[in-house]
Amino acid sequence: MRFSPFNTQRVLLSRIGRALLAALLCCAALAACELFEEPGNVVIVNNSSHQIIVTAGAETQVVFQGRSVEMPYPNPGAFSGGHIRIETTLCRMDFQVPLDSDDYPWKARANGELALQLEADFKLYAIPPAYRLPVQFTSIS
């Protein structure tokens, strides 16, 4: 092949074209991926008839019966593994938080918050984000 400015420009344009095509394919792949939306805070409402100790990530707080606590959402990718630990005088429970809030029924009005209520059966139930006191499940809409 003979060296000439024309051949050099042609090779350069060919390489630029391949690089642009690769960049476009990467952008298309990233656009097709759905990014998860992790809530910013988790609210735990205590309706268990016990005083509880809640640990989310590196933060621990005491929550009295009928009260709530707002804590940073524990990062599922962090050392804590995205766990919420709830302790009473009777037992200690570890809950794995969801990676995203896609299944949260009140996601549209959550503003980056996941609200959960601990009941007497020691299960966490999703509640609307505006609640800070125990709710009766028959009154939730």
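The values are calculated or read from the model by the stated rules, or taken from the named source; none is laboratory data. Since we're looking at a predicted model, the values are computed, not measured. As a convention, Cβ positions derive from the backbone with ideal geometry for all residues, glycine included, and neighbour counts pool all protein chains shown. Heads up: the accessible areas ignore ligands, DNA and RNA and are worked out on the full protein's heavy atoms, side chains in. Shrake-Rupley method; radii C 1.70, N 1.55, O 1.52, S 1.80 Å.
Observations on the structure shown:
- Test: residue in segment 17-30 that is outside any strand (DSSP E or B), loosely packed, with under 11 Cβ neighbours inside 10 Å and either charged (D, E, K, R) or at pLDDT 80 or above (or both): yes
- Answer residue from segment 96-121, given it is at pLDDT below 90 and in contact with a His (Cβ under 9 Å, 6 or more places away or on another chain) and is most open to solvent (accessible area, probe 1.4 Å) among those: Gln96
- Glu70 open to solvent by less than 80 Å² (accessible area, probe 1.4 Å), charged (D, E, K, R) and modelled with pLDDT of 75 or more: no
- Residue match in segment 79-88 (condition: of a type outside the set (Ser, Thr, Tyr), exposed (fewer than 11 other Cβ atoms within 10 Å of the Cβ) and at pLDDT 70 or above): no
- For segment 35-67, a residue qualifies if it is loosely packed, with under 15 Cβ neighbours inside 10 Å, closer than 17 Å to Pro128 by Cβ and either of a type outside the set (Gly, Ala, Ser) or modelled with pLDDT of 95 or more (or both), but none of them does.
- Residue list for segment 80-98, filter: under 22 Å from the mean Cα position of the chain (by Cα) and either touching a residue at least 12 places away in the same chain (Cβ under 8 Å) or within 22 Å of Gly112 (Cβ to Cβ) (or both): Ser80, Gly81, Gly82, His83, Ile84, Arg85, Ile86, Met93, Phe95, Gln96, Val97, Pro98
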